[in-house]
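Undergrad: Handing you a structure now.
The values are calculated or read from the model by the stated rules, or taken from the named source; none is laboratory data. Computed from a predicted structure; not experimentally measured. Here the Cβ positions follow ideal geometry from the backbone for every residue, glycine too, while neighbour counts run over all protein chains shown.
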Amino acid sequence: MTNDPRPLYARTAAQFTSLLRTVTPEQLDRSTPCTDYDVRQLLSHVVGVTRRFAVIGQGGDGMAVPTHTDGVTDDGWSAAFEQALRQATAAWADETKLAGEYTVPWGRVPGAAAVGGYVMETLTHTWDLSRALEHPMPLDEELALAVLPLARQALPADRRGEEVPFAAVREAPADTDAYGRLAAWLGREV
């Protein structure tokens, strides 16, 4: 990952937006590889954490922002995410914020690490959603290749359970793409 992960976040969020636009109300009850969520709950979570990310970038108490969003209609998920994304993009537009210190769920970190964490979050849930929807579009492999080393560094195999909301690392088949390797590292069944 680069010293300025905002371009990666923009690409990741754009990819998630494109995928989200393919979701139909009939698909919202499908299960996802993120075993705590069906598609509707996953979308609620991604919108919630994107709102949290925006508040953090605005200098507010992101930890006070719920990680789920209520009240979105079945056909309103794209609009809800895109609104949260606009807020997050504006909140992190100032490059000097990358060197600031911010409180995020994984601790007090520099702004660049905060943005990097939300790249990983959004990209991982993109794979979850893609799999739940039976892969309606190709995913940008370069993004997963950029995030996989970050995931391995930020979430070592021996740091799972208790307060770390990731299952044990799983073995990925040899022919698995970078998204599958990332998902397996984060404890998902590939």
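Undergrad: What helices (runs of 4 or more DSSP H), lying completely within region 91-190, carry at least 2 residues that are aromatic (Phe, Trp, Tyr)?
TA: Values: elements: 111-132, 141-154, 178-185.
Correct list: 111-132, 178-185.
Undergrad: Would you pick out the residues in region 66-118 that are under 13 Å from VAL46 (Cβ atoms) and aliphatic (A, V, I, L, M)?
TA: So the first thing to find is which residues in region 66-118 are under 13 Å from VAL46 (Cβ atoms), and the list is 66-69, 72, 77-78, 80-85, 88, 118.
Within region 66-118, VAL72, ALA80, ALA84, LEU85, ALA88 qualify.
Undergrad: Also, quick follow-up: Looking for something buried (at least 19 other Cβ atoms within 10 Å of the Cβ), within 22 Å of TYR37 (Cα to Cα) and β-branched (Val, Ile, Thr) - is there at least one such residue anywhere in region 126-144?
TA: So far as region 126-144 goes, yes, one or more of its residues are buried (at least 19 other Cβ atoms within 10 Å of the Cβ), within 22 Å of TYR37 (Cα to Cα) and β-branched (Val, Ile, Thr).
Undergrad: From the list ALA84, ALA79, pick out the single residue that is within 24 Å of ASP29 (Cα to Cα), without any contact (Cβ under 8 Å) to a residue 12 or more places away in the chain and part of a helix (DSSP H, G or I).
TA: Values: ALA84 fails: without any contact (Cβ under 8 Å) to a residue 12 or more places away in the chain.
That would be ALA79, the only listed residue that is within 24 Å of ASP29 (Cα to Cα), without any contact (Cβ under 8 Å) to a residue 12 or more places away in the chain and part of a helix (DSSP H, G or I).
Undergrad: Can you find even one residue in region 141-157 that is at pLDDT 95 or above, of a type in the set (D, E, K, R) and in contact with a helix residue (DSSP H, G or I) (Cβ under 8 Å, 6 or more places away or on another chain)?
TA: Yes, region 141-157 contains a residue that is at pLDDT 95 or above, of a type in the set (D, E, K, R) and in contact with a helix residue (DSSP H, G or I) (Cβ under 8 Å, 6 or more places away or on another chain).
Undergrad: Residue by residue through region 30-46, note down the ones that are touching a Lys or Arg at 6+ places or on another chain (Cβ under 7 Å) and surrounded by fewer than 18 Cβ atoms within 10 Å (Cβ to Cβ).
TA: Result: ASP38, single match.
Undergrad: Can I ask one more? Can you confirm whether MET63 is under 15 Å from PRO7 (Cα atoms) and either buried (at least 18 other Cβ atoms within 10 Å of the Cβ) or of a type outside the set (Asp, Glu) (or both)?
TA: Working: under 15 Å from PRO7 (Cα atoms): no; either buried (at least 18 other Cβ atoms within 10 Å of the Cβ) or of a type outside the set (Asp, Glu) (or both): yes.
Taking the combined requirement at face value, the residue does not satisfy it.
Undergrad: Suppose we keep only residues that are surrounded by 13 or more Cβ atoms within 10 Å (Cβ to Cβ) and without any contact (Cβ under 8 Å) to a residue 12 or more places away in the chain within region 87-112. Which one would you say is nearest to ALA183 (Cα to Cα)?
TA: As a first pass, look at region 87-112 and keep what is surrounded by 13 or more Cβ atoms within 10 Å (Cβ to Cβ): 87-89, 91-92, 97-98, 100, 102-106, 109-112.
From what's left, without any contact (Cβ under 8 Å) to a residue 12 or more places away in the chain: 100, 109.
On the way: GLY100: 30, VAL109: 24 Å.
Looking at the filtered set, the residue picked out is VAL109.
Yes/no per residue for (1) touching a strand residue (DSSP E or B) at 6+ places or on another chain (Cβ under 7 Å); (2) under 28 Å from VAL169 (Cα atoms):
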{"site": "CYS34", "(1), (2)": "no, yes"}
{"site": "ASP38", "(1), (2)": "yes, yes"}
{"site": "ASP61", "(1), (2)": "no, no"}
{"site": "VAL72", "(1), (2)": "no, no"}
{"site": "ALA80", "(1), (2)": "no, no"}
{"site": "GLN83", "(1), (2)": "no, no"}
{"site": "ARG86", "(1), (2)": "no, no"}
{"site": "ARG108", "(1), (2)": "yes, yes"}
{"site": "ALA113", "(1), (2)": "no, yes"}
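Undergrad: Being in contact (Cβ under 8 Å) with a residue 12 or more places away in the chain, of a type in the set (S, T, N, Q) and more than 22 Å from LEU150 (Cα to Cα) is the filter here; which residues of region 1-34 pass it?
TA: Result: THR17, SER18, THR22, GLN27, SER31, THR32.
Undergrad: Sticking with this one: Just to verify a result, which residue in region 158-189, among those that are among the small types (Gly, Ala, Ser) and surrounded by fewer than 12 Cβ atoms within 10 Å (Cβ to Cβ), is modelled with the lowest pLDDT? Give the derivation first.
TA: Step one: of region 158-189, the residues among the small types (Gly, Ala, Ser) are 161, 167-168, 172, 174, 178, 180, 183-184, 187.
Of the ones still in play, those that are also surrounded by fewer than 12 Cβ atoms within 10 Å (Cβ to Cβ) are 161, 168, 174.
Numbers: GLY161: 64, ALA168: 80, ALA174: 90.
Checked region 158-189; the qualifying residue modelled with the lowest pLDDT is GLY161.
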